[in-house]
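I'd like to ask some things about the structure below.
The values are calculated or read from the model by the stated rules, or taken from the named source; none is laboratory data. Quick caveat, the model's predicted, so the values are computed rather than measured. No Cβ is skipped: glycine too gets one built from the backbone with ideal geometry, and neighbour counts run over all protein chains shown.
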Ligand code: GLU
């Protein structure tokens with residue numbers, strides 16, 4: 001009897017999992033959260049989307065049975081990611097999204113599918129900012145709700161003037177204008193900005209990473225057993 005009950009419970013759970021699916025929505029669309037302004041990773045140009053996160057997202061979506069025309073991309077800026085998953089505004093997120101214990105209290109992650117490291121972006125002719133320990137008295141820019149800004153607050157706050165925006169492209173504008181000394185976030189994000197034609201020869205990544213950022217696929221918390229996303233990543 002007990003076995004039967006457990007079996008019935010398991011079948012119900014399996015059915016619920018089937019119905020819920022992996023980040024499924026009520027219709028046949030999959031709403032995927034990405035960045036819109038991070039060249040090489042998640043970039044919108046008109047109605048085109050490109051970058052590594054987009055490629056991974058499209059691949060995973062295909063493995064889950066969604067055609068390209070069933071995907072709707074939505075911008076998920078760093079400070080809004082957990083909230084947008086919790087409120088159901090997106091089904092999943094591929095947006096340079098580091099897996100952290102604090103975030104795991106609110107959302108679930110599949111992956112990781114990439115490992116980055118926090119670094120610094122400075123003007124090409126800058127010689128004094130050689131790493132995070134050389135930031136005293138400097139104006140540094142990062143993004144609200146990011147692990148990058150949090151690390152600066154936790155480990156390097158003395159003497160550093162941290163300015164926070166909601167996107168990295170706003171930091172890059174300030175760096176290009178010379179109103180700040182450095183931008184900090186993951187090396188791969190900084191490299192994407194440095195490689196943009198408009199910044200050619202003007203900016204450089206310092207190249208001394210000081211964290212490990214494991215990029216995960218953000219999912220609503222009740223989808224954390226979604227093996228399909230992990231299978232696709234594998
Ligand atoms: N990977 C870091 C994070 O998830 C920084 C990049 C970002 O803000 O997207 O906080």
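Contact list please: Cβ distance under 8 Å, first residue in the range 35-48 and touching a residue at least 24 places away in the same chain (Cβ under 8 Å), second residue more than 13 Å from the ligand (Cβ to nearest atom) and in a loop (DSSP other than H, G, I, E, B), pairs at least six apart or on different chains.
39/195; 39/196; 40/195
In addition: Exactly one condition in (1) within 16 Å of residue 116 (Cβ to Cβ); (2) touching a helix residue (DSSP H, G or I) at 6+ places or on another chain (Cβ under 9 Å); (3) not in a loop (DSSP other than H, G, I, E, B) is false for residue 61; which is it?
Exception for residue 61: condition (1).
What are the residues in the range 87-102 that are away from the ligand (no atom under 16 Å from the Cβ) and in contact with a helix residue (DSSP H, G or I) (Cβ under 9 Å, 6 or more places away or on another chain), if any? Don't jump to the end; show me each part of the working.
Initially, the range 87-102 is screened for residues away from the ligand (no atom under 16 Å from the Cβ), giving 87-89, 91.
Hits for the range 87-102 are 89, 91.
While we're here: So which residues in the range 115-130 are within 12 Å of the ligand (Cβ to nearest atom) and either surrounded by fewer than 18 Cβ atoms within 10 Å (Cβ to Cβ) or at pLDDT below 95 (or both)?
115, 117
The conditions are (1) within 16 Å of the ligand (Cβ to nearest atom); (2) in contact with a helix residue (DSSP H, G or I) (Cβ under 6 Å, 6 or more places away or on another chain), and residue 71 fails exactly one of them. Which is it?
(1)
Conditions first: (1) in contact (Cβ under 8 Å) with a residue 12 or more places away in the chain; (2) closer than 28 Å to residue 174 by Cα; (3) in a helix (DSSP H, G or I). Residue 103 passes all but one, so which condition is the exception?
All conditions pass for residue 103, except number (2).
Here is a follow-up. Could you please let me know if residue 133 is more than 12 Å from the ligand (Cβ to nearest atom) and closer than 21 Å to residue 98 by Cβ? Quick ask: steps written out before the conclusion?
Values: more than 12 Å from the ligand (Cβ to nearest atom): yes; closer than 21 Å to residue 98 by Cβ: no.
No; evaluated as a whole, the condition is false for this residue.
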